[in-house]
Structure formats: C-alpha cells, structure tokens
Amino acid sequence: MGKKDIEAALGRGVDILNEFLPLKSWLFFPILYSACVWAVRRVFDFRARILAWQVWLDPDIVRTKPDEFVLNFFCGDEALGREYADEIARRDIRVLRTAFPALYPIFGLEDAFLKALFRPEIESADYRAIVIEFASRTAKARDDIRPAAGDPEFWKALELIGMEAASLGLHLLKDAEVQNIIVALVKKPAGAAPAMPPDA
C-alpha cells in the first residue's frame, strides 16, 4: 500500500462524484469520506449507510431521550462538557435539549457523513455554530444529494470507490490524513463550487 495509490483511488472517487453531483463539490468530502469509513469497517451497504444520517434529523428520535441521558451525554464528552459547563452546572435542560439533536448524531453516534459535513466547526471546536447551522446545512445537503441518490449507478460507483480504497489499506492511514487527502483533492478542480459546506 502506498499513499500515492490511495490518493489516486480517492482522486478517481472525486472524478466519479463529479459526474453525479456536478457543481456540488461541497458534498464530495462528506460522501467520499463516509464511503471510505464504512469500507474500512467492511460495511458495504453504502446506500443505507450514507443515507442513514437522515434518520438522525428526525426530532422524534432525540425528543424521547430522558433528561438524564441528555445531561450525561454533555458531561461524558470532554470538549462538549467544557463548552456547555455553565448550562450543565445550572442543569439548564432547555438549552442542552436544544443543542442535543445536532450534537448527539455527530459526537454520540459518530455519524461519518455528519462529522465530515461539519468538519470546519469540529476542528475549531465551534460547537454552538454546529447547533445554529445544523438544520439549514443538513437540509441543503439532503436537497443537493437527492438527484444522485435516486440513481442506482451512483451507489454502485460509491461501493467500488470504497472497496478499492479499503483494499489499498486505507485503514493504515490516520483518520486526519484521509480527511486531508480528500479535502486537497476536492479543492483541486478549478471553477468548482466551494469544496467545504457554504455558510448558511
């Protein structure tokens, strides 16, 4: 396995996504990264996995969690615990419940698509921005991916991309290295739309 081989495989992935999502390059990173994550985990039902993130957008899933679960979630994550220390100390469940539907899928369920979609905010530890942007950015992603998601060839292509990357030993690279390779590849095409999610 060579890093150049993986870069080439991921580059082919970007080219393929460009056929299905013209001018939607901001979606390339989360889709390609998600496919690679699940390929390395040997979970090859890409269609179900990549669209699974939409399940977490259903407020009923998080609305039914008891207050203690919500509080424990924030207390159990060091970074979120620091960010929401005042709310935790006051046991301000109203504020924590407002943030929970956006933060739980990313940090609790570790959804690869959503983690990639909010990579800039996660890297800058701007967790409150995730909460603010969550509804609009995920709605835009859902709308932008819908045409490609209806094409069975899109899912076959993603499966091939993921399997090729996994067979080349993608798992031997650090998670951050894989993300940086994909971001660099996505930013390469001239005249494309923004490589990372636009501000809502």
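Report yes if residue 143 is touching a helix residue (DSSP H, G or I) at 6+ places or on another chain (Cβ under 8 Å) and acidic (Asp, Glu), otherwise no.
The answer is no for residue 143.
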Residues of the stretch 122-150 that turn out to be over 15 Å from residue 31 (Cα atoms) and in contact with a Phe, Trp or Tyr (Cβ under 7 Å, 6 or more places away or on another chain), as a count: 1
Odd one out for residue 80 among (1) within 13 Å of the chain's Cα centre (by Cα); (2) at pLDDT 95 or above: (1)
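Out of 148, 125, 116, report the one residue that is at positive phi and touching a helix residue (DSSP H, G or I) at 6+ places or on another chain (Cβ under 9 Å).
Working: 148 fails: at positive phi; 116 fails: at positive phi.
Unique residue meeting the criteria: 125.
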Options 111, 144, 86; residue that is at pLDDT 95 or above and of a type in the set (Asp, Glu): 86
Residue 174 vs. criteria at pLDDT below 80 and either at positive phi or surrounded by fewer than 12 Cβ atoms within 10 Å (Cβ to Cβ) (or both): yes
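The values are calculated or read from the model by the stated rules, or taken from the named source; none is laboratory data. Being a predicted model, the structure only gives us computed values, none of them experimental. In this analysis, Cβ positions are derived from the backbone assuming ideal geometry, glycine residues included, and neighbour counts consider all displayed protein chains.
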